[in-house]
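So the structure is just underneath, and the comments pick up after that.
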């Protein structure tokens, strides 16, 4: 068990709450986007960007920075809210999300948005590209760590497991995969559509070290990220059990809120719940 102060936990909880509020504003304003998967990953994003990763928001392309891949690219609203809050660009720029010619696309684009390390959207590609990044830094340097956030749709894709094979072959301890396991997809429960249990056994069979956590418990998230850096002979996967739409009662655990746009009444209600008023 690693030591993390109550003050740090409270700070990161506030960050996650702001991520959800900003994502809500973005999706409601644009009338498009994905709140459910952004909300399930909010604590993970907060822990990575506000405590764990070696980054320089004022120097997004700093060669020694840790890399982050949002393989579940439909959760772009959550990532953009995180990047803005962390200082990669002004928070006011979130208002431009989805505008023609803007730099905040519907899915992350590394050529347009500061802080984005991989263009993503089509599910299943993130882990393989992350393995390539991990291997590339061995050849070119400088040393850095690569984090890949996967969703249920990613681990239902074959390319994810091809990446896992390569990661195991080359013992890419410089790579940490994080599964945002909310078990809800656009069409219903993941375990009904294309079951992937026993998930831990699968990752073990592919040669990964395993951490299983509650993805909304920041102390557990931080401990797992610390543990991953202490493993030097193989890649690590963090299985983070999460809740789709976490933080807003009527959005939680429902496929409807994978990509639904809130009405004015729902928007106001979500604001109240997320603000704790």
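Quick notes
- Any chance residue 107 is without any contact (Cβ under 8 Å) to a residue 60 or more places away in the chain and either surrounded by fewer than 24 Cβ atoms within 10 Å (Cβ to Cβ) or more than 27 Å from residue 216 (Cα to Cα) (or both): yes
Each row is one residue, and each column tells you yes or no for (1) in contact with a helix residue (DSSP H, G or I) (Cβ under 8 Å, 6 or more places away or on another chain); (2) crowded, with 24+ Cβ neighbours inside 10 Å; (3) touching a residue at least 60 places away in the same chain (Cβ under 8 Å); (4) under 21 Å from residue 228 (Cα atoms).
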site: 7; (1), (2), (3), (4): no, no, no, no
site: 13; (1), (2), (3), (4): yes, no, yes, no
site: 30; (1), (2), (3), (4): no, no, yes, no
site: 33; (1), (2), (3), (4): yes, yes, yes, no
site: 38; (1), (2), (3), (4): yes, yes, no, no
site: 51; (1), (2), (3), (4): yes, no, yes, yes
site: 63; (1), (2), (3), (4): no, no, yes, no
site: 75; (1), (2), (3), (4): yes, yes, yes, no
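- The requirement of being under 19 Å from the mean Cα position of the chain (by Cα), buried (at least 17 other Cβ atoms within 10 Å of the Cβ), at negative phi and modelled with pLDDT under 95 is fulfilled nowhere in the range 205-217; no residue meets it.
- Taken over the range 246-255, the residue count meeting the criterion of being farther than 18 Å from residue 180 by Cα and outside any loop (DSSP other than H, G, I, E, B) is 0.
- Of all residues in the range 77-95, those satisfying the criterion of being out of contact with any helix residue (DSSP H, G or I) (no Cβ under 8 Å at 6 or more places or on another chain) and either in contact (Cβ under 8 Å) with a residue 12 or more places away in the chain or within 21 Å of residue 152 (Cβ to Cβ) (or both) are 87, 88.
- Here 154, 180 are screened, and the one residue that is closer than 30 Å to residue 10 by Cβ and either under 17 Å from the mean Cα position of the chain (by Cα) or buried (at least 22 other Cβ atoms within 10 Å of the Cβ) (or both) is 180.
- Failed item, numbered, when residue 171 is tested on (1) farther than 24 Å from residue 34 by Cβ; (2) in contact with a helix residue (DSSP H, G or I) (Cβ under 7 Å, 6 or more places away or on another chain); (3) in contact (Cβ under 8 Å) with a residue 60 or more places away in the chain: (2)
Yes/no matrix, rows are residues, columns are (1) closer than 23 Å to residue 52 by Cα; (2) surrounded by fewer than 20 Cβ atoms within 10 Å (Cβ to Cβ):
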position: 234; (1), (2): yes, yes
position: 240; (1), (2): yes, no
position: 244; (1), (2): no, no
position: 249; (1), (2): no, yes
position: 259; (1), (2): no, yes
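For (1) touching a helix residue (DSSP H, G or I) at 6+ places or on another chain (Cβ under 6 Å); (2) over 22 Å from residue 187 (Cβ atoms), each residue gets a yes or a no:
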position	(1), (2)
214	yes, yes
222	yes, yes
226	no, yes
242	yes, no
247	yes, yes
254	no, no
259	no, no
268	no, yes
272	no, yes
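- Only listed residue being closer than 23 Å to residue 125 by Cα, touching a helix residue (DSSP H, G or I) at 6+ places or on another chain (Cβ under 8 Å) and modelled with pLDDT under 95, chosen from 187, 180: 187
- Some residue of the range 89-98 being surrounded by 19 or more Cβ atoms within 10 Å (Cβ to Cβ) and under 23 Å from residue 243 (Cβ atoms): no
The values are calculated or read from the model by the stated rules, or taken from the named source; none is laboratory data. What you see is a predicted model, and the numbers here were worked out from it, not measured in a lab. Neighbour counts run over all protein chains shown; Cβ positions are idealised from the backbone, glycine included.
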